[in-house]
Amino acid sequence: PIIASGHSHTCALTPAQDAYCWGDNNAGDLGTGLPRTGVPQLVAGGLKFRDITASRDATCGLTIDSLAYCWGEGGRLGDGGTASSSVPVPVTGGLKFRSIAGGGHHTCGITVTGAAFCWGYNGAGALGDGTTAVQLAPVPVTGGLTFTTISAGGWDFGNDYTCAVATSGVAYCWGDGSYGQLGSGAQASSTSPVPVAGGHVFAGITAGGMHACGITTGGITYCWGSDYYAQLGNGITQDSNVPVRVTGQP
């Protein structure tokens, strides 16, 4: 996207592909090297970006040559270290990404070949690498799947998760599933991708704090996970561990 909101900050790209951020700067997540600000400030480093994502206390962007840079809270920047940075630092490994997505405390990206890599905190398996260990550099998501789109969600340490759409159109999720947000048919977490139930063919997907939604290739929206605030859109307030159709659609 060309604009992205984190927990308490926002970043956006100009038509000239410069990145600007504003808001809280608790861990350097504005990337300006300056204190917090209520007006947009240019991200340091002179980089040109084509994609940007903001998470809790961190921001990542893809440069015009598809390389990932992150700034903000240490341990989540993918640079191999634990130090925070108030200016962009390159994600280690030299991977070239097609897209990037920040969650609660982790980041994932799809490479130009369609492979998914994640880095950062890994509570409940949000990185999809088969473990729950923090990863300071990008690690491949297990299963050998290739993806077209990815979204990272979560609301607190240990409650992060990720969902992505495979090239087949099947949606997969991994990480915390305590509210059914993996859509697998069970309220269970997974450290590796599990298919979203229902046999739907998705064109896009988005992961929120405790629920996820996807739109099929036929234009129908389904949601799953926590429904405490009626965020599944099916007219009731009951959590669902499988996709439920949003009401009011033709």
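The values are calculated or read from the model by the stated rules, or taken from the named source; none is laboratory data. Since the structure is predicted, the reported quantities are computational estimates derived from the model, not experimental observations. Virtual Cβ from ideal backbone geometry, glycine too; neighbours counted across all protein chains shown. Side chains are part of the model used for accessible areas, which takes the heavy atoms of the whole protein and leaves out ligands, DNA and RNA. Shrake-Rupley method; radii C 1.70, N 1.55, O 1.52, S 1.80 Å.
Given a Förster radius of 35 Å and the C-beta distance between residue 132 and residue 167 as r, what FRET efficiency does 1/(1 + (r/R0)^6) yield to the nearest 0.05?
0.80
Work out the FRET efficiency for residue 231 and residue 42 from their Cβ-Cβ distance, taking R0 = 35 Å, and round it to the nearest 0.05.
Rounded to the nearest 0.05, the efficiency is 0.50.
With a 1.4 Å probe and all protein chains in place, put 134, 139 in order of accessible area, largest first.
The most accessible residue leads, giving 134, 139.
Leaving out ligands, DNA and RNA, and with a 1.4 Å probe, what % of the accessible surface on segment 3-151 is carbon or sulfur?
Reported share for carbon and sulfur atoms: 55 percent.
With the contact rule set at Cα under 8 Å and sequence spacing of 6 or more, what percent relative contact order holds for the chain?
RCO, the chain: 11 percent.
With all protein chains present, calculate the accessible area of residue 245 using a 1.4 Å probe and round the result to the nearest 10 Å².
The accessible area of residue 245 comes to roughly 100 Å².
Compute the whole-percent fraction of alpha carbon pairs in the chain spaced more than 30 Å apart.
Across the chain, Cα pairs with separations above 30 Å total 23 percent.
Return the distance in nm (one decimal) between the two label points of a simple spin-label model at residue 14 and residue 247, each offset 7 Å from Cα along Cα→Cβ.
For residue 14 paired with residue 247, the spin-label model returns 4.7 nm.
Using a 1.4 Å probe and ignoring any ligands, DNA or RNA, find the accessible area of residue 34 and quote it in Å² to the nearest 10.
Spelled out: residue 34, probe radius 1.4 Å, area about 90 Å².
Of 52, 64, which has the most accessible area and how do the rest follow, probe 1.4 Å?
Of 52, 64, the descending order of accessible area is 64, 52.
For residue 91, tell me the accessible area in Å² from a 1.4 Å probe, rounded to the nearest 10.
Approximately 20 Å² for this residue.
Taking 7 Å along the Cα-to-C-beta vector as the label spot, tell me the residue 238-residue 64 distance in nanometres, rounded to one decimal.
5.4
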